[in-house]
Amino acid sequence: MEAITAAPSRARVLQALRSRNFRLLWTGQTVSMLGDTAFLVALGWRTFTLTGSARSLGYVLTLQGVGLLLTVLVGGALADRYDRRKLMLVSDFARFGLIGALTVIDGTGHLSIGILLGLAFAEGLATGFFTPALGGLVPLVVEEPRLGSANALIGMARQGSLLIGPSVAGLL
């Protein structure tokens, strides 16, 4: 007869937060993931309000995914060879710039479906560099016994951003 193990305690799940470097990474990535989710919601909403076409919305979201697929393997190779932190920062600044570009272009009345397609594709490209760098950085900032905690916290932030990000987009 197998012994039943107790569910992990809350303190054990939060162990990775004892590391200053992980706290900084986790906090930054939680904010970044909220922004990513809000951007995709805003991009989809703006595409539909601009074109009134579900097909256009599908094209925009597909191009974002294609951009991601085109760069995720290259991003992984770069993350293995170069400073993951710098790769993440460059990718995040690029994604932040894309959000700013969408805001400015839309605010000036120059937004078109072509621009939305380009922004979605570019966001996918940047995310393809970012994601493998994040996955490779976590084991470098958290000691092995706390790695499960770190991965759980990052997963919680990702899922939380999917829940809260659309509301953030709605407020903006």
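No lab work stands behind these numbers, since they all come straight from the coordinates. Given the structure is predicted, the values throughout are model-derived calculations rather than measurements. In this analysis, Cβ positions are derived from the backbone assuming ideal geometry, glycine residues included, and neighbour counts consider all displayed protein chains.
Would you mind getting me the FRET efficiency between residue 171 and residue 93? Use the beta-carbon distance for r and R0 = 22 Å, nearest 0.05.
Working: r = 23 Å, r/R0 = 1.06.
The computed FRET efficiency comes out at 0.40.
Using a Förster radius of 41 Å, what is the FRET efficiency between residue 23 and residue 56 based on their Cβ-Cβ separation? Nearest 0.05, please.
On the way: r = 41 Å, r/R0 = 1.00.
That gives a FRET efficiency of 0.50.
Per the helix-only calculation at 222 nm, which mean residue ellipticity applies to the chain, given -39500 (n - 2.57) for every DSSP H run of n ≥ 4 and division by its residues, nearest 500 deg cm²/dmol?
Details: 6 runs with 142 residues, N = 172.
Computed ellipticity for the chain at 222 nm equals -29000 deg cm²/dmol.
By per-residue mean of other Cβ atoms within 10 Å, what is the highest-first order of 34-47, 158-171, 131-144?
Values: 34-47: 19.9, 158-171: 14.5, 131-144: 17.1.
Averaged packing, sorted descending, gives the order 34-47, 131-144, 158-171.
Relative to the present Cα-Cα distance, how much length would full extension add between residue 105 and residue 82 at 0.36 nm per residue of separation? Write down the numbers at each step before the final one.
Values: separation 23, 0.36 × 23 = 8.28 nm, distance 3.37 nm.
Stretched fully, the residue 105-residue 82 segment lengthens by 4.9 nm.
Taking Kirkwood radius over Cα pairs in Å as the quantity of interest, determine which of (1) 15.8; (2) 17.4; (3) 18.6 was computed from the displayed structure.
Among (1) 15.8; (2) 17.4; (3) 18.6, the one calculated here is (2).
With the contact rule set at Cα under 8 Å and sequence spacing of 6 or more, what percent relative contact order holds for segment 1-143? Walk me through the intermediate numbers first.
Numbers: 134 pairs, mean separation 51.0, N = 143.
The normalised contact order for segment 1-143 reaches 36 percent.
Given axes a ≥ b ≥ c from the Cα gyration tensor, I'd like to know whether segment 27-84 is rounded (a/c under 1.5), prolate (a/b larger than b/c) or oblate.
On the way: a/c = 5.43, a/b = 1.70, b/c = 3.20.
Because a/c hits 1.5 or more and a/b fails to exceed b/c, segment 27-84 counts as oblate.
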